[in-house]
Amino acid sequence: MKHVVTFGGGSGHSQVLKALKQLEDIRITGICPSTDSGGSTGILQNEYDGSGYTGDVTKCIAALCEDELLAKTLMFRYENGPLHSHSVKNVLFHALEKVGGYEEAPKLMGRLCGLGDHRILPVTNEKTELCARLNIGNTISGETNIDMIAKNPLWNPSVHSISDIYLKPEVSASIATLDAIEKSDYIIICPGDLYSSIIPTLLPKGVKEAIQKSNSKIILILNIMTKKGETDNYTAADFVESIEKRLGRNADYIICNNATIPNEVLLKYSLESKGILDLFNKSEDPRVISAPLVLITDGNQIFSDPDVIRDTIEIILKV
């Protein structure tokens with residue numbers, strides 16, 4: 001039985017978990033950020049004293065749920081009325097927090113979803129806020145404000161790009177998180193928003209040190225597209241450098257996309273100032289594994305394909 005620990009936010013992380021749950025003889029611990037401040041999570045946090053990890057934790061639990069009907073029900077989101085913008089999973093999880101407590105809620109929901117030996121954890125149970133320092137010198141507070149930075153009509157990537165990201169106040173990683181890292185055989189850094197989803201899982205005190213001390217192999221799955229406001233004009237090398245700086249060590253495997261994306265889909269993304277992440281190839285870095293990661297939905301949205309991730313990870317686990 002191999003222990004695989006995954007780091008990341010909601011959507012990209014959940015795609016990786018959908019892949020991993022198809023593999024045999026592994027035990028999964030998913031680590032999620034604790035700094036979400038927008039949408040349903042933000043409302044539950046501000047108005048009902050909810051946690052800053054509700055949406056990410058519950059999306060990842062739903063991804064590991066074997067019952068597809070239950071998983072779809074958890075993901076159901078109300079479009080109007082008093083519950084507008086809230087999903088079933090978020091409302092349920094918040095109730096579990098109120099009844100069982102913050103630390104017990106992920107365990108209780110995992111039990112309800114039949115996760116077995118798998119589990120999803122927030123990186124910390126302490127309350128904190130994500131802050132970004134811009135090249136211009138300004139500071140932005142709050143994950144949702146960082147996530148929406150590029151919607152400011154005066155935003156300019158050459159002036160307002162993010163130079164640093166940090167937590168205020170500084171908090172420590174949970175004992176459960178550090179224990180999972182210590183016992184891991186593999187650590188997977190999942191695709192997602194670099195500064196608002198991925199790096200926040202690596203910032204709490206103790207995470208970097210635990211990863212440096214561990215004997216685990218590190219697998220880094222790169223994004224397929226860049227994101228306006230966070231990774232404008234980033235290359236794969238930029239992305240890897242940003243992650244490895246926070247890890248305190250190099251990745252052992254780097255998985256990147258080599259599939260061609262249709263022009264009509266690229267046009268849709270270009271209108272949002274998003275482009276393909278410029279990649280390097282295996283001749284430039286022997287750690288690189290190229291795979292056709294692109295999964296395109298009916299709405300021309302790009303996701304990482306769980307089946308391709310499964311096959312790629314399975315090969316690595318057998319090395």
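Every number here is computed from the coordinates shown, using simple stated rules; none is lab data. Being a predicted model, the structure only gives us computed values, none of them experimental. No Cβ is skipped: glycine too gets one built from the backbone with ideal geometry, and neighbour counts run over all protein chains shown.
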| field | In region 7-109, lysine pairs closer than 16 Å at Cα, eight or more apart or cross-chain | value | 10
| About the Cα centre, charge dipole magnitude for region 218-319 (Lys/Arg +1, Asp/Glu -1 at Cβ), debye | 220 debye
| field | Per-peptide average of other Cβ atoms within 10 Å, ordering 106-119, 155-168 highest first | value | 106-119, 155-168
| said: How would region 35-122 be classified by its alpha-carbon gyration tensor: rounded, prolate or oblate, with rounded meaning a/c under 1.5 and the a/b versus b/c comparison settling the rest? | reply: oblate
| Taking the Cα centre of the chain as origin and charging only Cβ (+1 Lys, Arg; -1 Asp, Glu), how large is the dipole, in debye to the nearest 20? | 260 debye
| query | Residues with beta-carbon under 15 Å from that of L115, excluding L115: net charge, scoring Lys, Arg +1 and Asp, Glu -1? | reply | +3
| query | Taking +1 at the Cβ of each Lys and Arg and -1 at the Cβ of each Asp and Glu, which of T177, F76, P191 sits farthest along the dipole of the chain towards its positive end, judged by Cα position relative to the Cα centre? | reply | T177
| query | Any idea how far apart N215 and V265 come out in nm if each label point goes 7 Å out from Cα toward Cβ? | reply | 4.1 nm
| note | By the mean-Cβ-within-10 Å protection proxy, highest first, 262-269, 7-14, 289-296 rank as 7-14, 289-296, 262-269
| field | Reference-scaled alpha-carbon Rg (2.2 N^0.38 Å with N residues) for the chain | value | 0.94
| request: Provide the FRET efficiency to the nearest 0.05 for the A237-D25 pair, computing r from the beta carbons and using R0 = 25 Å. | output: 0.15
| If you take the Cα atoms of region 23-181, find Rg, then find the Kirkwood Rh from the mean of 1/r over all pairs, what is Rg/Rh? | 1.01
| field | Between region 1-58 and region 67-125, the alpha-carbon center distance in angstrom | value | 10 Å
| Cα centroid distance between region 171-195 and region 249-311, in Å? | 23 Å
